[in-house]
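First the structure, in the form of structure tokens, and then the observations on it.
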Amino acid sequence: MNKTIIASTLLALVSSYSYAETLKLGHVYDVNHPWHKSAEEAARRVSDKTEGRVEIKIFPSGSLGSEQELLEQVIVGGVDIVEVGSGQLGNIFKPIIITEMPYIFRDNEHLMRFFESESAGKIFEDFRQQFNAHIVGSSTWGVRHVIGNKPVTNPDDFSDFKLRVPEQAITVAYAKAMGSNPTPVPYSEAYLAMRQNMVDGLENPLGSIKAMKFYEVGNNLSLTGHVITAVHYVINDNSLQSLSSQDKETVLDVFKNMGRYTADLVEKDDEKAIEFFKEKGVNIVNVDRDAFREKTKFMSDNYKDNWSEYGDLYTEIAKIK
């Protein structure tokens, strides 16, 4: 009798137990970067809300490939979730490069309000239909500035300046418009490229410059503030379909709600950065931003055909309060 009870109990336990689904999340950022901390928080929320049925394993620092490779993998299904910037998405889906236009956004809040707009929702849905992947949790990566081996105060100072940029067509374009000589280098190789003088500098948000220790190889921080970069979570839809309907909705809901959380992390990180750089002896350079605005303003006309099907987005964004 006892054996029967034990066997029945074990059978019930085995029947009720289900293995956790594990989703792979890849990104190119250091483990101290706000976007890695965002991924950790998202993974924690998913595990809690699904009671352990869905676990997310994070692969940071480009361990699964460059940003371009991660985007390719999430579309074909080799990686379930990635963090990828608008510039990289713009290589394959042109409308989203509206967010990479120089000086289009006043600040991070302005960018976030656009992501919460109906127009942004239409862009994201069209991407999903074309590539079978969801753009969710869109947020800021911070305001981009230039750090390098010499100060930049106006576009003339960019003459013969080799500026490291990501392998993204729109970033190359705005770097050239600003007057520099854009030099594409993968993010994981940017530090070495600066140290070996393959480039004269690079452009990144303050928090990223700090996290990646670019201040060690560039002593002049020029506050150009030329682009407020957007980064997004991209989730393969087939990966979601492998989950129960309840867990699928939970995963989507968690990541959709990460935008504001991530923006807060980025802003707090950036707020501390300037004093940190001063303590490290970095030269903080004030910039003639009006000169850069004038130099790059033609881009909105040159690129407007990329988003024209969604209306006059440039004017719409300008009117967001």
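What to note about this one:
- Only residues that are touching a residue at least 40 places away in the same chain (Cβ under 8 Å) and assigned to a helix (DSSP H, G or I) were counted across region 127-156, and they come to 3.
- For region 166-190, taking the residues that are among the aliphatic types (A, V, I, L, M) and in contact (Cβ under 8 Å) with a residue 24 or more places away in the chain, the one that is farthest from HIS226 (Cα to Cα) is identified as ALA190.
- The combined condition, being in contact with an Asp or Glu (Cβ under 7 Å, 6 or more places away or on another chain), free of Cβ contacts under 8 Å to residues at least 60 places away in the same chain, on the phi < 0 side of the Ramachandran plot and not in a helix (DSSP H, G or I), is fulfilled by LEU163.
- Enumerated helices (runs of 4 or more DSSP H) restricted to region 26-126, each holding at least 2 residues that are more than 28 Å from ALA173 (Cβ to Cβ) and modelled with pLDDT of 95 or more: 34-49
- You will find that of ALA177, ALA173, ALA211, the residue that is under 27 Å from VAL74 (Cβ atoms), small (Gly, Ala, Ser) and at pLDDT 95 or above is ALA173 and no other.
- Residues of region 180-195 satisfying the condition of being in a helix (DSSP H, G or I), surrounded by 15 or more Cβ atoms within 10 Å (Cβ to Cβ) and modelled with pLDDT of 95 or more: ALA190, TYR191, ALA193, MET194
- LYS268 being at pLDDT below 95, loosely packed, with under 13 Cβ neighbours inside 10 Å and of a type outside the set (Asp, Glu): yes
The values are calculated or read from the model by the stated rules, or taken from the named source; none is laboratory data. Source: prediction; values computed, not measured. Methodologically, a virtual Cβ is constructed for each residue, glycine included, from the backbone with ideal geometry; neighbour enumeration extends over all protein chains shown.
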